[in-house]
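The values are calculated or read from the model by the stated rules, or taken from the named source; none is laboratory data. What you see is a predicted model, and the numbers here were worked out from it, not measured in a lab. Here Cβ is always computed from backbone atoms with ideal geometry, including for glycine, and neighbour counts include all displayed protein chains.
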Amino acid sequence: MHDTKDASTKPGEQGHEKVEEEAVRILTDPGSWAKHGSGTDEEGPRSETNGDSDNWKLQPGNRVAVIGGGPAGSLFSQFLLKTMAHLDIDIDVEIYEPRDFNFCGPAGCNHCGGVVSESLIQILGTEGVVLPEEVVQRGIDSYVMHMDVGSVRIETPLQEKRIAAVYRGNGPRQSEPASIAGFDHHLISLARSAGAKVRQQMVTEVDLDEGRPRITCADGHRQTYDLLVVASGVNSALLGLIEKSGLEFKAPTAVKSFVAEFKLGAATIERSFGTSMHVFLLDIPRLQFAALIPKGEYLTLVMLGDDVDQELVESFLNAPEVRSCFPGNRPPDNACQCFPRLNLSHVRRPFADRVVFIGDSGVARLYKDGIGSAYRTAKAAANCVALHGISARDFHYHYWPACKKIAIDNLLGRCVFGFCHLLQKLRFARRSVMRMTVIEQRTEGAIPHMSSVLWDVFTGSAPYREVLFRTLHPFFLGRLIWNLLAANAWKSGRRNRELSTP
Amino acid sequence: MSDLLGRNYQPGEDIVTEGEVGDCMYVIQQGSAEVIRTEDGVATVVDTMVAGDLFGEMAILEHTVRSSTVRAVDPVRALTIDRKTFLRRIQEDPSLALSILDVMCRRVRNLDTTIAHLKHQLAELSANPEGGSPDGSPGENAP
Amino acid sequence: MKSEELTETDRTDEADFVFKPVRPVQSEGQAPCQLNCPCSTNIRDWIAPIAQREHTGASLREAYEEAWTRIVDHNPFPAVMGRICPHPCESGCNRIGKDGNVSVSALERFLGDWALEQKLRLPRLDRESRDESVAVVGAGPAGLSYAYQMARRGYRVKVFDWHPEAGGMLRYGVPKYRLPRSVLDAEIARITELGVELCLGVRIGTDLSLEELKADHQLLFLGLGTQQGRLMNIPGENGASVWVGTDFLERYNEGHALSLGEHLVVIGGGNTAIDVARTGRRSGARVTVLYRRQLEEMPAIDSEIRHAREEGVDFEDLATPLEISRDASGALRGLTVQRLHPGKQDDDGRHVPQAIPGDTYYLDASAVVIAISQVTDWTGLEDAESMAGAETTRQPDSRLTLGGDVLRLGIASQAIAEGRKCAEQARGEPPNSLLADKTLPTVKVDHYAGADSVNLTEALPDERLLSPDLETSHTISENEFLAEVQRCLSCGSCLGCYQCWMYCNAGSFTPLEQGGPGQYFSFDSDLCEGCGKCIELCPCGYLSPK
Ligand SMILES: Cc1cc2nc3c(=O)[nH]c(=O)nc-3n(C[C@H](O)[C@H](O)[C@H](O)COP(=O)(O)OP(=O)(O)OC[C@H]3O[C@@H](n4cnc5c(N)ncnc54)[C@H](O)[C@@H]3O)c2cc1C
Ligand SMILES: Cc1cc2nc3c(=O)[nH]c(=O)nc-3n(C[C@H](O)[C@H](O)[C@H](O)COP(=O)(O)OP(=O)(O)OC[C@H]3O[C@@H](n4cnc5c(N)ncnc54)[C@H](O)[C@@H]3O)c2cc1C
Ligand code: SF4
Ligand code: SF4
Ligand code: SF4
């Protein structure tokens, strides 16, 4: 099914059924986590060291290596250093990040849609992380949902932009970098100001040196640390290497997705897209979800699905619903393109003694708000390290719960996306969703049942659990059924008109 | 600025208004704003906020009315933080409350200084009834 | 915000959107240093085994040996050339714009010295020996290079030179403070160890005729160099206390004391002139160099001019002597000097100086050295002389080739290259020297970390003048060497940075079992998804767009 041969990036598909089965099992038997997360018995042998618990706490002068200066690595470093400073413990944090985020194009970029979710923006605000003007390419305040049965705009009730469209690197290939500062560059600079040392070196080997993690770089540099934090994401071969290194670790499964940038010019973007993100629910096989995100001069396309490839990209971009979004009814040649991998599962045990996996390399939120989950795991790991300790046991009790929460929510997320998938397949369902949303958006003061569900699905602002429970609410179901009937009762009369709308 | 995060406020515009019920707090992204408190009909500027500063946090912790008005001095861009989002996160990560504590500590410290200042003025006033501000408020802060 | 806006009418276009993959090819590009080296030394490729020894797992010694073996494939004199070559390779180095060129000469010198210390022997190419015998006239760099290349290919080689010792201008021209004779001797000895026979003190054309040589040998090479210094044709130049540069240096280098008196005036602006001037200072004379053009146009190596200034040599540019005056006894008294105007630029951009009428002055002098140019002494070799002018070196007699200064005045590196090329030509081999069809790669200098260039340490000017043969600059330390080696960007050749392999999502790159400098990963274009990321990541330009 997949053409990837590299073990590290092999998108080992997990059948949806199997996942849902697992969801049910976990929901009904929370105790089962202990077994397949990280067995308490596995943690048992630690007791011999428990008497000397200082061994498992960072001491002044200890060294921490962070592999990867993406959002997870940079935020972790910043949080850890700040908390340790509060505790008056002086430690060394070194971030290994070979990438220079000042490069244009994929060489300087951690490839993603660059949508910083509403909830993350707010939390970063409380953490004191302000995104400067050069970082935010556009504030987003609404979504336009496109389906074959029509389009509808969903707006926030607040007159406020709380979603940021950013570049992870320094903008697309050949862009003029002067006015752009990348999101990742900003975060790693904050980590640097907090005292982290950034080493522009690539890690090519991880092993243990008398119980302490040791890393080796492409240039031969080798160093042993007291704590190793792996934040390398799933878009490098590193996790595959770690799998083979003898550390008990199994890389998360990932699928191929697609990102491209189109140069349209600021005025065209302003005119045609404004401050809205455009999302598409189209009946194209293997396509899960696609979005167009307006930025400064460019428009970013993100396609998520089942092994997105060249063929799928073309069939999407040639779909009439998509073409009509572009001036001239056709997307221009794209400036930049890549097929990044999207984390689809979590690591069973994203930690060991003195080792912890954060961000995408541990667990990521399904399809949406990956940066948000990078933040959450980074924060949880930093708190665990600073306040509890660095043994597998500490991570099990104080870090793993945060991961588990995301992992469980992802299982529910699969149900939500299963529902979206159904929607893409069933025309009559699409009609009713469209009708319900259009009416809600048109009617002043209407309670936005459908709109808020869609908003949360698209923006990734609320946990999937909440979204799912809201859709199960009797009132919501009632409205939906009513709209199902209404939309499809009139369909004979309206079908032609709707189909003719571009 | 219109395409950036948050909401824009013109100079002189109220971001929050004393006495209103609120369910969010704010982080200033750009510009500065004054915190104004009205007592017996007299409005007093008690603090100034700049980019990165948080305010309105009381509304998140207890369901009460806004204790003061925050008014934009120059064009301000501010982001709201929902009570719901914040409380959801703080459950998972209590250390987030530290940032709120930081803000409160700063406020209390400012308050202490102001009280000390006022006490000093009051003492001077009673020793030397001719000098000082007649209403007893810190002169430079009077609107 | 600036950008070309797309208007709606611009592209109302019914054509389908077509995905355009951007895929890499692995292709070795030309390193500019090598392109600039007259000897086409594969600089990048000999630096690589040392710089990348972490990848190959080679020990330091193995890496050094590999590097040295690669150098001597082109040039058997690394310790010599590391000292005296003006290293034009460095002026082409891609690192210049970042934080200064790689100090190729310092590296070459270190490695050359190391090999001498280790007593490494020059490697042979062919094990079995051949019957043909080869005669080489001239034991300068051109002749010795040719002899070496033929000997390692199994030929019996005899080198004739009328000087008592081999080395040509390297021995009789270049002063000892720039090239210690122990270094020169050792690198020549390595060539004779290969079986090259030196017949010294024999002048071809007078002692032995070319015909006789032809009768005894199947192949001949003439590397006569230019031994005769030219005079200026001005009054007073014939007589005591006036020398031509090459004679002056030869005598000095042979240990003859020369009485220069108070003030030596040197005429010329090339390396010979500067060598004479610095040598003059070492004999205790005050020295002034007269040069026809402006100082900036002096052909001598910049560091040589700097060293001369440090040692107290005075320069007067835009000046040329009209007459050398002598007193009644014939003793030299001084010169009448004509001041010149820079003049117009010729086709090559060089100024053609012109006399400023009436603007002359008198300069006291006790000795004069004319170091303006040299020519070949063709006595008895007139038959071959016509070939020197011919562009191809093998026309009239296919058994005879020429190379080095005899063809045109140049630098030693060029002489060595010509010796090698003639040897390759004699064997009908394709020239190993040039990668003519390779393109210059796009090297992403920003991808490399910054690192300062090594500085040669030098003896203080006073020390140098006190001990005339003291070497001016020192060989760098091993630590400096290893740091400098890391500065090479490996332009156009895979250096095993792992970027493509680490970041290619498609897994198109696979580590090669036999990977090493030049290529570490194989590439499977069937897997490639066409994102083009690796091309942008590859620092050295080895991956380029298809
Ligand atoms: C198509 C697509 C669209 C997405 N869109 C969004 C979106 O709109 N919003 C959102 O919130 N999330 C989005 N995501 C998810 C988001 O990109 C990730 O969840 C997020 O980047 C994870 O951050 P991280 O720090 O864990 O890893 P990364 O961002 O992947 O960073 C990993 C870092 O580690 C470094 N590294 C890798 N290997 C090594 C090594 N060997 N040595 C040293 N350093 C190394 C890399 O250079 C990199 O900088 C999207 C993902 C995909 C695939
Ligand atoms: C003073 C001086 C300084 C220089 N400094 C530098 C420098 O710093 N760097 C640099 O790269 N280059 C320098 N050069 C140039 C360099 O030395 C020459 O380019 C190089 O030596 C030329 O080599 P060659 O083998 O062609 O000739 P030569 O070195 O001149 O060798 C020719 C040899 O042929 C012999 N010979 C000639 N005719 C006969 C005959 N009929 N029979 C037998 N033997 C004969 C001569 O005795 C001589 O030994 C310098 C030159 C001079 C004069
Ligand atoms: S960096 Fe190295 S390969 Fe490139 S030009 Fe300089 S010496 Fe040559
Ligand atoms: S990074 Fe991989 S997929 Fe992308 S162009 Fe290079 S080889 Fe192809
Ligand atoms: S990216 Fe690095 S490893 Fe890959 S081809 Fe280029 S130099 Fe070689």
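Here are some notes:
- Residue list for the range A:322-344, filter: within 19 Å of A:H111 (Cα to Cα) and more than 7 Å from chain C (Cβ to nearest Cβ): A:N334, A:A335, A:C336, A:L342, A:N343, A:L344
- When every residue of the range B:50-63 is checked against the conditions, at least one turns out to be more than 15 Å from A:T126 (Cβ to Cβ) and within 14 Å of chain A (Cβ to nearest Cβ).
Here is a yes/no grid of residues against (1) surrounded by fewer than 21 Cβ atoms within 10 Å (Cβ to Cβ); (2) within 16 Å of ligand 1 (Cβ to nearest atom):
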site: C:H447; (1), (2): yes, yes
site: C:P468; (1), (2): yes, no
site: C:Y498; (1), (2): no, yes
site: C:S508; (1), (2): no, no
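- Residue count for the range A:310-320, restricted to those that are closer than 20 Å to A:S257 by Cα and either more than 8 Å from chain C (Cβ to nearest Cβ) or surrounded by 18 or more Cβ atoms within 10 Å (Cβ to Cβ) (or both): 7
- Of the strands (runs of 3 or more DSSP E) lying entirely inside the range C:268-372, the ones with 1 or more residues being of a type in the set (V, I, T) are found at C:286-290, C:319-326, C:332-341, C:354-364, C:367-370.
- Condition broken by C:T472, with the remaining ones in (1) away from every other protein chain (no Cβ under 12 Å); (2) surrounded by fewer than 23 Cβ atoms within 10 Å (Cβ to Cβ); (3) within 16 Å of ligand 3 (Cβ to nearest atom) satisfied: (3)
- One residue from C:L489, C:L456, C:L470 being at pLDDT 95 or above, of a type in the set (A, V, I, L, M) and assigned to a loop (DSSP other than H, G, I, E, B): C:L489
- Every condition in (1) surrounded by 16 or more Cβ atoms within 10 Å (Cβ to Cβ); (2) within 23 Å of B:D112 (Cβ to Cβ); (3) more than 15 Å from the chain's Cα centre (by Cα) holds for B:V42 except the one numbered (1).
- Of all residues assigned to the range A:296-305, at least one qualifies as being crowded, with 24+ Cβ neighbours inside 10 Å, within 9 Å of chain C (Cβ to nearest Cβ) and either small (G, A, S) or under 18 Å from A:C336 (Cα atoms) (or both).
- Note on the range C:475-499: residues that are closer than 22 Å to A:F339 by Cα and more than 10 Å from chain A (Cβ to nearest Cβ) total 0.
- Selection count, the range C:55-97, where residues are away from ligand 1 (no atom under 16 Å from the Cβ), assigned to a helix (DSSP H, G or I) and of a type outside the set (S, T, Y): 25
- Taken over the range A:361-372, the criterion of being away from chain B (no Cβ under 14 Å), farther than 12 Å from A:C403 by Cβ and in a helix (DSSP H, G or I) is satisfied by A:G370, A:I371.
- Within the range C:499-531, the set of residues being assigned to a loop (DSSP other than H, G, I, E, B) and more than 13 Å from ligand 5 (Cβ to nearest atom) comprises C:N505, C:A506, C:G507, C:D524, C:S525, C:D526, C:L527, C:C528, C:E529, C:G530.
- The set of residues in the range C:532-546 that are near ligand 4 (Cβ under 7 Å from one of its atoms) and either among the β-branched types (V, I, T) or not in a loop (DSSP other than H, G, I, E, B) (or both) comprises C:K533, C:C534, C:I535.
- Condition met for A:S452 (closer than 24 Å to A:I123 by Cβ and out of contact with any Leu (no Cβ under 9 Å at 6 or more places or on another chain)): yes
- Taken as a whole, the range C:67-88 holds at least one residue that is β-branched (V, I, T), more than 13 Å from ligand 2 (Cβ to nearest atom), surrounded by fewer than 18 Cβ atoms within 10 Å (Cβ to Cβ) and closer than 30 Å to C:G492 by Cα.
- Residue count for the range C:522-544, restricted to those that are touching a residue at least 12 places away in the same chain (Cβ under 8 Å), within 19 Å of C:P511 (Cα to Cα) and either within 16 Å of ligand 1 (Cβ to nearest atom) or of a type in the set (D, E) (or both): 7
- C:V406 passes every criterion in (1) surrounded by fewer than 18 Cβ atoms within 10 Å (Cβ to Cβ); (2) farther than 27 Å from C:A63 by Cβ; (3) touching a residue at least 12 places away in the same chain (Cβ under 8 Å) apart from (1).
- Among residues of the range A:193-240, those that are assigned to a loop (DSSP other than H, G, I, E, B) and polar (S, T, N, Q), counted: 5
- Helices (runs of 4 or more DSSP H) within the range A:373-455 that include 3 or more residues in contact (Cβ under 8 Å) with a residue 12 or more places away in the chain and in the same structural domain as A:L75 (by TED's automatic domain parsing): A:392-398, A:400-425
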